[in-house]
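Have a look at the structure below, then the notes.
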Amino acid sequence: MESFTLKQIDEIEGKQKIYKLEIDDKCLFDDFEDEIEKRGQYSDELATIYAHIEDFANNKTLPQTKFRILNKGVKNDKIKEYEFKSKHLRIYGIKAPSGQIIIMGGYKKTQKKDINRLKNIKAIYIKTL
């Protein structure tokens with residue numbers, strides 16, 4: 001069984017604390033950031049998404065073109081899944097009892113696969129709460 005650890009993202013300052021999820025001491029979001037940095041592509045978009053996450057952490061409303069709740073209208077699901085969006089990038093997270101948790105990043109072209117992966121990780125994580 002996987003072990004989960006939450007690490008606060010210190011670069012994001014706000015009224016809400018934002019965490020990233022580590023699974024067995026490996027962070028999918030950190031891996032995504034490293035990939036963007038190595039490729040040298042979309043780093044501006046990633047910086048823009050960071051600004052959106054900081055606005056979110058300060059309880060500002062974001063337009064649906066920048067932020068979307070993925071399981072809106074699902075009555076039995078109390079833990080919200082969401083994505084921050086730019087033209088090419090997606091950052092996926094959940095609102096858990098412990099706070100806002102960034103789980104992973106992805107690309108628009110792999111969005112369906114990434115959302116399924118998010119749901120699978122969330123289901124496993126919830127069992128550990």
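The values are calculated or read from the model by the stated rules, or taken from the named source; none is laboratory data. Here the structure is a predicted model, which is why all the values come from computation and not from measurement. Counting neighbours? That spans all protein chains shown, and the Cβs are built from the backbone with ideal geometry, glycine included.
Would you mind stating whether residue 44 is assigned to a helix (DSSP H, G or I) and under 23 Å from residue 5 (Cβ atoms)?
no
How about the range 63-94: which of its residues are assigned to a loop (DSSP other than H, G, I, E, B), touching a residue at least 12 places away in the same chain (Cβ under 8 Å) and farther than 16 Å from residue 121 by Cα?
Hits for the range 63-94 are 65, 66, 86, 87, 88.
Does residue 30 count as over 14 Å from residue 102 (Cα atoms), in a helix (DSSP H, G or I) and at pLDDT 95 or above?
No; evaluated as a whole, the condition is false for this residue.
When the residues of the range 95-112 are filtered to those that are touching a strand residue (DSSP E or B) at 6+ places or on another chain (Cβ under 8 Å) and part of a helix (DSSP H, G or I), which remaining residue is farthest from residue 23 (Cα to Cα)?
It comes out as 108.
Could you list, ordered by first residue, the pairs with Cβ atoms under 8 Å in which the first is in the range 37-50 and under 12 Å from residue 107 (Cβ atoms) and the second is of a type in the set (Asp, Glu), at least 6 apart or interchain?
46/33
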